[in-house]
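Okay, structure first, notes after.
The values are calculated or read from the model by the stated rules, or taken from the named source; none is laboratory data. The shown structure was predicted, so the numbers you read here are calculated from the model rather than taken from an experiment. Glycine gets a Cβ as well: all are built from the backbone with ideal geometry, and neighbour counts include every protein chain shown.
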Amino acid sequence: MAIDKSKALDLVNLQQTSKYIKDGLTVVSNNTDIVPRDENGNIIVQDGSYIVIETNSFNINNNAMLKVLDTQFNYFKFPVQIEEELIDANLDIDLDFEQELQDPIYARYRPTDNNRILANNTFAGIEMNFVEDGQPQKSPNLYYISKEIKNAGVDLRFRIKIQHRFDSIVEQGFGTAFFSIIKNGVNTNLNRQFLGPFANNTAFNPPSNTDGFGYIRQYEVQTLNLDLVIENSQFDIGDYFGIGAFAGQEDNNEYHTINNVQSYWVITDASKNVDTWNQPIG
């Protein structure tokens, strides 16, 4: 009977590999007689010495491995673990989603730069083009009445602060400055004095035969504060509101300047008790 040499055991090869099966693939290099090592197990390399590199590998029959390893895919389920000490029992998780939505009414504007007040015989719009918070501007310096604002049925509250100064070469001379609310719209004509005029009274003795309304003395700084309510019936979709001003003097010798940092225009829902940043009061 013929012997299949491919299936016959190689006794020499079996003897050589048996030690690797028993003691691992580094059995020869771990022998300090062959590869010298120090007390920490590190290989000692010296001139003329050599390092043994064992090029061994095991061939494992695939069919044999499949009998041992479970290759079937399984969905793993891990139970939820909660560390109670990490949970704050006083944590308020009641979220107010209405507050998270942007208020369609609220806007806060201010001037970008210091600006002179023009000397006209009528009110001209002043700069309020920097949007600090809230609704954007469809047109520079103006508040736009959208369909959401009109259809909400609310009244508007305007809170305005304008700080301005009068410079003049006339010693203790006086100037004048007045302000208004301007309104324009699709169904109405431009009204440069929809509300107003508004002005301060000078802190000094006014010129004779005047009550001081609108007067401002040389180098005086005045702050105009307005708190106005515009009823819903007074505006329509597509209307615009702005702030107007005019001065009695405006040249290189006498002029009025609006301080952009100390001036603002805030629009809110008149029914809400909020501050000038639309934050609830109390």
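Over 25 Å from W277 (Cβ atoms), of a type outside the set (A, V, I, L, M) and at pLDDT 95 or above: is that true of K147 in this structure? First the steps, then the outcome.
Numbers: over 25 Å from W277 (Cβ atoms): yes; of a type outside the set (A, V, I, L, M): yes; at pLDDT 95 or above: yes.
Answer is yes for this residue.
Does region 106-129 hold any residues that are assigned to a strand (DSSP E or B) and small (G, A, S), and which are they? Even if it seems obvious, please write down each step before you answer.
Our first condition is that a residue be assigned to a strand (DSSP E or B); within region 106-129, this holds for 107-110, 115-116, 124-125.
Listed by number, the residues that qualify are A107, A124, G125.
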